[in-house]
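Below: one structure, written as C-alpha cells.
The values are calculated or read from the model by the stated rules, or taken from the named source; none is laboratory data. Computed from a predicted structure; not experimentally measured. Cβ placement follows ideal geometry from the backbone for every residue including glycine, while neighbour counts extend to all protein chains displayed. Only protein heavy atoms, including side chains, enter the accessible area calculation; ligands, DNA and RNA are left aside. Shrake-Rupley method; radii C 1.70, N 1.55, O 1.52, S 1.80 Å.
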Amino acid sequence: SSVSSDKATQETPSYACQRRTPLHHHNKEIVDALQILALSASFQGSEARYLGFTRAASVLKCLPFTLQSAEEVKDLQFCGGHSKTVIQEILEDRVCREVEMVKNSEHYQSMKVLTGIFGVGIRTADKWYRDGIRSLSDLNEIEGKLTGEQKAGLLHYTDLQQPVTRDEAERVEQLVKGALQSFVPDVQVTMTGGFRRGKQEGHDVDFLITHPNEEALNGLLRKAVAWLDSKGSILYHHIKGRSHNFARSSTMDGHETCYAIFALPNACPEKSPDAGTIQPDLDKSPPRNWKAVRVDLVVAPYSEYSYALLGWTGSKFFYPLLQHFERELRRFSLQVKKMSLNSHGLFDIEKKCHYPATSEEEIFAHLGLLYLTPSERNA
Ligand code: GTP
Ligand code: MN
Ligand code: MN
C-alpha cells in the first residue's frame with residue numbers, strides 16, 4: 001500500500017489542461033459516483049459543490065492505477081474532504097449512501113428527465129419542477145408554453161436519448177459535406193466534439209466549417225441547411241449568430257451556429273433480415289426508416305479556425321455539463337497567463353494584443369502549455 005500511496009502523492013498539476021486525461025481510465029465506479037453528486041449539485045444551483053465534485057472526478061481520471069484502499073485516498077490532490085469521504089465509502093462498502101439517496105430522489109430523477117430534453121436547461125427544468133411537473137407526460141399540460149426547440153425535443157425525445165454511434169456520425173458527415181460542397185466544392189468540414197476526442201458514442205455530432213476565402217462562407221450555412229431541409233433531412237433547426245461580419249466580442253463566442261435535429265436515413269442493410277419470411281403485421285404503423293439525431297454546425301472564418309477547433313473539441317465547459325477541459329483551459333489562461341481565451345482567439349490583457357494561430361499546437365505554445373492531443377482532453 002505504501003507503493004500506491006507514493007503513486008497517489010506524485011505531483012498532479014492543478015489545472016486539467018496541464019494533465020493528459022485519457023478517455024478510458026482506472027476508476028470508473030468512483031468517477032461515476034462523483035459525477036452523480038456533481039450533477040445533483042448543479043440541479044440544486046450550487047456551482048461551488050458542482051465544481052468540487054467535478055474537479056475530484058477529473059483528477060481521478062488521470063490516476064494511472066485503480067484505487068484499492070481508503071488509506072490511498074488521504075493524499076490525493078485537489079480532492080476536497082467531501083469527495084474523499086465519498087471515495088473512501090465506496091472503497092470500503094462498494095456503495096456510497098449519499099449517492100444512492102441522490103439517485104433515488106424525486107428532484108434528481110425529474111431534473112434528469114427534464115434537462116434531457118433538447119432546449120431545456122437547468123433553470124427551466126427547476127421552474128417546471130416547482131410548478132409540479134415531474135415527467136414528460138406532465139408537459140402535455142403546458143404544451144402551449146413550450147418553445148419550438150423544446151417541442152421538437154419532446155417530439156423526438158426517445159431517438160435523442162439513444163446515443164449516436166460513430167457509424168451514424170460518419171453518415172451525418174456525408175450528408176453535411178454533400179450539402180455544403182454543392183455550394184462550395186472545396187469547403188473544409190471537420191467533425192469536432194466528443195468524436196474528435198476518440199469517443200465511440202455521443203449525444204450529438206458537432207462540425208466546424210471553414211474556407212481560406214472568407215467570402216465563400218457568406219450565407220453558406222443557411223443555403224446548405226435550406227437544401228437539406230428541402231430534401232427532408234431536417235426535422236428542426238435554428239441558426240444563431242451573425243451572418244458573418246467580423247466584429248469580435250471579447251468574452252462571448254459568437255460564431256454562426258446551427259442547432260439541428262436531422263432525420264438520418266437508416267444504413268442500407270447488407271441483406272434484409274426478413275427476406276423470404278412472412279411477418280404478421282401486428283403494428284399497422286409503417287416502419288420508420290430514419291432516426292432523429294442532434295447535429296451542431298459551426299462556421300468559423302479561416303483566421304479563427306484553430307481557436308474554434310480547440311473550443312469545439314471540448315471536453316465541454318458549459319455549466320452544468322460534466323467534463324470540463326475547456327473551462328479549465330480558459331481559467332488557466334486568465335489566472336496564470338492573464339490572457340483571455342475563447343473560440344475566436346487569445347487576447348493578452350496586459351500587453352493588449354491578440355495572438356494569431358494557425359494550429360492548436362500554436363495555441364498551447366502561446367499559453368506555455370504542453371500540447372495535448374484531442375484524445376488527451378477528456379477531463
Ligand atoms: P457529446 O456530444 O455528449 O459526445 O459530448 P461533446 O463533448 O461533443 O459535447 P458538446 O457537443 O455539448 O460540445 C462540444 C464542444 O462544443 C464543447 O467543447 C463545448 O464547450 C462546445 N460548445 C457546445 N455548445 C456550444 C455553444 O453554443 N457555443 C460555443 N462556443 N461552444 C459550444
Ligand atoms: Mn457533441
Ligand atoms: Mn454539440
Need a quick list: helices (runs of 4 or more DSSP H) entirely within the range 156-233 having at least 1 residues that are of a type in the set (Val, Ile, Thr), surrounded by 14 or more Cβ atoms within 10 Å (Cβ to Cβ) and more than 13 Å from ligand 2 (Cβ to nearest atom). 166-181, 220-230
Across the range 186-237, the tally of residues that are polar (S, T, N, Q) and within 16 Å of ligand 1 (Cβ to nearest atom) stands at 4
Which pairs have Cβ atoms under 7 Å, sit 6 or more apart or on different chains, and link a residue in the range 182-194 that is without any contact (Cβ under 8 Å) to a residue 24 or more places away in the chain to one that is assigned to a helix (DSSP H, G or I) and within 16 Å of ligand 1 (Cβ to nearest atom)? VAL189/VAL176; MET191/ALA169; MET191/GLU173
Kindly indicate whether ALA379 is at pLDDT below 95 and either farther than 26 Å from VAL59 by Cβ or among the hydrophobic types (A, V, I, L, M, F, W, C) (or both). yes
From the option list HIS344, HIS324, single residue qualifying as touching a Phe, Trp or Tyr at 6+ places or on another chain (Cβ under 7 Å), open to solvent by less than 20 Å² (accessible area, probe 1.4 Å) and under 26 Å from LEU63 (Cα atoms) is HIS324
Is there a residue in the range 324-331 that is over 24 Å from the mean Cα position of the chain (by Cα) and under 19 Å from ALA300 (Cβ atoms)? no
